[in-house]
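Nothing in this text is a laboratory measurement; each read-out follows from the coordinates by a stated rule. On a predicted model such as this, the values are computed, not experimentally measured, just so you know.
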Amino acid sequence: MIKKVKGFFKGLFSIFKKKKHIKLGLYGPPNAGKTTLANKISMDWLGEEVGKVSKIPHETREIQVKERIEIKGKGGRSISFNLIDTPGIATRIDYEDFLKFKMNKSEAKKRAKEATKGVIEAIKWLDNMDCVVVVLDAILNPYSQVNLTIIGNLAAREIPVLVVGNKIDLKKAKVKNIESAFPQYKVVGLSAEKGINMEEFYEALFEVIG
């Protein structure tokens, strides 16, 4: 069994070595900070943002791609990738949830329909990913049905994963809870909005991608 596992990872790393350019997807539940992180990465290396953010769930309802981002690490290492920011994954989307944000019924129904379509599209895109960053809100309980569904889909596809515990600038953030929930993966705590711990995040990407 150990030999098989070693063989799998050896093969995986050889694929990455051959690939000079990969597809890196950002996945997670709504409002975890995926687009905020995508904007931070893109601003750091390209000087431009990927998409709009807001406090309203499902602000991102379509796949957003920023091409040809190259990050540089220690020892002259570099990674070139297309960054794919995906709509928030949810097991249930009800238009009534949007009414509390002062949307009228028509707007809420339209948003719910678009968000549902976005979730389906995001899951389809999983088959195209070379590596995935799962962005979780470090304030919330990581043992949610949505989080377990995302991790389960990634594990089934044997996609390399880096887990991010976002919003560590907030007092109630507990990255250790995320580490306990998903011990099989590398977990990095950061604040995408404040730019805290981004260097550790980039170094972790090198570790996961190889």
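Amide H contacts under 5 Å for residue 22: 80, 81, 82, restricted to partners 5 or more places along the chain or on a different chain, H placed in the peptide plane at 1.01 Å from N.
Helix 34-45 and the longest principal axis of the Cα set of the chain meet at an angle near 50°.
Most simply put, the range 53-188 has about 45% antiparallel DSSP beta bridges, counting only bridges with both residues inside it. What share of all Cα pairs of the range 123-168, in percent, falls into each consecutive 5 Å distance bin? Each 5 Å bin holds this share of Cα pairs: 5, 20, 32, 23, 14, 5, 0.
Principal semi-axes of the equivalent ellipsoid, √(5λ) from the alpha carbon gyration tensor of the chain, are 28, 19, 18 Å from largest down. Measure nothing fancy, just the Cα-based angle from helix 105-125's long axis to the longest principal axis of the chain, in degrees from 0 to 90, nearest 10. Result, in degrees: 20. Axis angle, to the nearest 10 degrees, between helix 145-157 and the longest C-alpha principal axis of the chain: 30 degrees.
Amide H to amide H distances under 5 Å link residue 196 with 191, where only residues 5 or more positions off or on other chains count and H is placed in the peptide plane.
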